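Enquirer: Submitted below is the structure of interest, expressed as structure tokens.
The values are calculated or read from the model by the stated rules, or taken from the named source; none is laboratory data. Computed from a predicted model, the values in this text were never measured in an experiment. Cβ coordinates were reconstructed from backbone atoms using ideal geometry, including for glycine residues, and neighbour counts include every protein chain displayed. In case anyone asks, the SASA skips ligands and DNA or RNA and just uses the protein heavy atoms, side chains included. Shrake-Rupley method; radii C 1.70, N 1.55, O 1.52, S 1.80 Å.
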Amino acid sequence: MSELTFEQMLEESLKTIHTGEIVEGTVIDVKPEEIILNIGYKSDGVLTRNEYTNEPGVDLTTIAKPGDTMEVKVLKVNDGEGQVLLTYKRLAADRGNKRIEEAYENREVLTAKVAQVLDGGLSVVVEEVRIFIPASLVSDTYEKDLNKYAGQEIQFVISEYNPKRRRYIGDRKQLIMEEKAELQKKLFETIKVGDTVEGTVKNVTDFGAFIDLGGCDGLLHISEMSWGRVENPKKVFKVGDVVKVLIKDISGTKIALSLKFEDQNPWKGAADKYAIGTEVTGKVARMTDFGAFIELEPGIDALLHVSQISKEHIDKPSDVLKSGQEVTAKVVDFNEADKKISLSIKAMFAPEPKAEKEESDADVVSVDIDAMIAEESEETEA
């Protein structure tokens with residue numbers, strides 16, 4: 001029997017490998033763009049950056065060091081230069097596919113960093129498997145700019161799994177809707193009309209503001225923003241403001257809110273403050289043909305009838321008054337039940353002689369203020 005040469009014995013001691021085989025190797029050298037591994041074969045294995053990951057610009061010296069062991073897949077036994085080409089990302093992708101399949105079947109919630117913001121959605125990578133989340137499934141509301149998600153970690157479920165077409169679709173919207181439904185349920189179990197709750201301004205419109213109460217939005221109508229007059233909600237609130245609001249009404253899933261807290265009601269104590277005969281000062285808030293409404297304080301307006309503006313005859317209030325003008329008058333009528341106050345500038349003057357007063361009284365005409373307001377409204381609509 002002939003003896004084997006050293007080279008023959010060495011070659012026999014080395015294993016054979018095949019394309020597609022999974023092998024374990026020991027790192028013997030690392031460069032930024034490639035890793036050299038001893039895989040127990042007559043040639044060393046080369047793992048390039050492109051076959052390690054899909055992420056661009058990765059420095060492999062930050063990933064591995066000599067002596068580390070790695071499990072890799074044989075891509076090509078001989079690259080033409082006697083080296084074995086290896087891949088890590090394809091092995092990871094194979095395992096990732098299995099991972100994604102299990103997540104899809106079990107509806108598991110996955111977490112991954114947004115790798116890329118695309119025109120139509122977001123791209124994330126889970127164990128070297130790229131998953132696409134369409135813009136329509138990123139949130140439960142329309143997202144005009146998806147760039148805010150760049151680099152962020154997000155949670156999602158797999159809504160479509162098709163390995164043959166390499167089509168993997170993620171869905172974040174489902175999770176958001178489910179979370180909101182649970183929060184909404186808890187919210188309606190704990191709140192009731194009359195409660196004071198804290199919320200965050202979500203949106204501001206010309207007619208009011210929508211307040212996020214944590215699970216459901218409530219509407220704070222412009223008429224409920226203050227006991228006084230609010231001309232433009234956008235000048236009072238901005239998105240992100242935290243406010244304490246009163247729950248005025250609950251109808252199904254609709255919540256009406258208010259900032260008119262009863263302890264701040266300006267009509268409390270108004271009977272003493274604006275008793276008949278009291279001289280008051282206020283500003284002209286608005287004018288009609290029959291009179292001017294004077295704001296005595298936020299939430300309390302009084303009517304200064306055209307006949308009570310001056311001792312002389314006046315056709316309409318705008319002939320002598322202007323909006324914002326400060327006027328001083330005397331309270332001549334106070335109706336707390338209807339929240340109505342009537343003023344008179346004429347009453348500020350010294351009383352006329354008796355004979356003249358009797359003649360004047362004969363000319364007094366009873367005025368129905370509500371009817372006048374209604375009539376003016378009808379004329380305006382017409």
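Enquirer: Under the Kirkwood approximation for Rh and a Cα-based Rg, what ratio Rg/Rh is obtained for the range 118-189?
Expert: Rounded to two decimals, Rg over Rh is 1.04.
Enquirer: Would you grab the residues whose amide H sits under 5 Å from the one on residue 68? Only those 5+ places off in sequence or on another chain, please, with H modelled 1.01 Å from N.
Expert: Residues meeting the amide H criterion: 27.
Enquirer: Right, another one. Using θ = phi - 60° and the Karplus curve 6.51 cos²θ - 1.76 cosθ + 1.60, what whole-Hz ³J(HN,Hα) does each residue of the range 179-184 get, with Gly and Pro shown as x?
Expert: Running phi through 6.51 cos²θ - 1.76 cosθ + 1.60 with θ = phi - 60° gives 5, 5, 4, 5, 5, 5 Hz.
Enquirer: Let me ask something additional. Can you pull out the trypsin sites (Lys or Arg not before Pro) in the range 180-220 whose DSSP state is coil and whose Cβ has at most 15 other Cβ atoms within 10 Å?
Expert: 192
Enquirer: Across bins of 10 angstrom width beginning at 0, how are the C-alpha pair distances of the range 242-357 distributed, in whole percent?
Expert: Taking all Cα pairs of the range 242-357, the binned fractions are 12, 36, 26, 16, 7, 2, 0 percent.
Enquirer: Just in the range 113-200: which chymotrypsin sites (Phe, Trp or Tyr not before Pro) are loop by DSSP and have at most 13 other Cβ atoms within 10 Å?
Expert: Answer in residue order: 142.
Enquirer: Residue-wise, which Karplus ³J(HN,Hα) couplings in Hz belong to the range 198-206, taking 6.51 cos²θ - 1.76 cosθ + 1.60, θ = phi - 60°, and x for glycine or proline?
Expert: 9, x, 10, 5, 9, 7, 10, 10, 5
Enquirer: Another question about this same structure. At what distance in nm do the modelled label points of residue 348 and residue 241 sit from each other, each positioned 7 Å from its Cα along Cα→Cβ?
Expert: With each label placed 7 Å out from Cα toward Cβ, I get 3.5 nm.
Enquirer: Whole number in Å², please: accessible area per residue of the range 190-260, 1.4 Å probe, ligands, DNA and RNA not counted.
Expert: 54
Enquirer: Can you divide the C-alpha Rg of the chain by 2.2 N^0.38 Å and report the result to two decimal places?
Expert: Taking N as the residue count of the chain, the ratio is 1.91.
Enquirer: Give 202/235; 42/76; 173/244; 283/330 a once-over and call out the pairs whose C-alpha atoms are over 19 Å from each other.
Expert: Correct reply: 173/244.
Enquirer: Still on this structure, please answer the following. Counting only C-alpha contacts under 8 Å and six or more residues apart, can you give the relative contact order of the range 205-277 as a whole percent?
Expert: Reported as a whole number, the value is 29 percent.
Enquirer: Can I ask one more? From the mean inverse distance of alpha carbon pairs (Kirkwood) and the Cα radius of gyration, derive Rg over Rh for the range 40-176.
Expert: 1.06
Enquirer: Give me a comma-separated list of calculated 3J(HN,Hα) values for the range 146-154, in order, Karplus coefficients 6.51, -1.76, 1.60 applied at θ = phi - 60°, integers in Hz, x for any Gly or Pro.
Expert: Taking θ as phi minus 60°, the curve returns 8, 4, 5, 8, 4, x, 7, 8, 10 Hz for the range 146-154.
Enquirer: Rounded to two decimals, what is the ratio between the C-alpha radius of gyration of the range 34-103 and 2.2 N^0.38 Å?
Expert: Cα-based Rg divided by the globular estimate yields 1.17.
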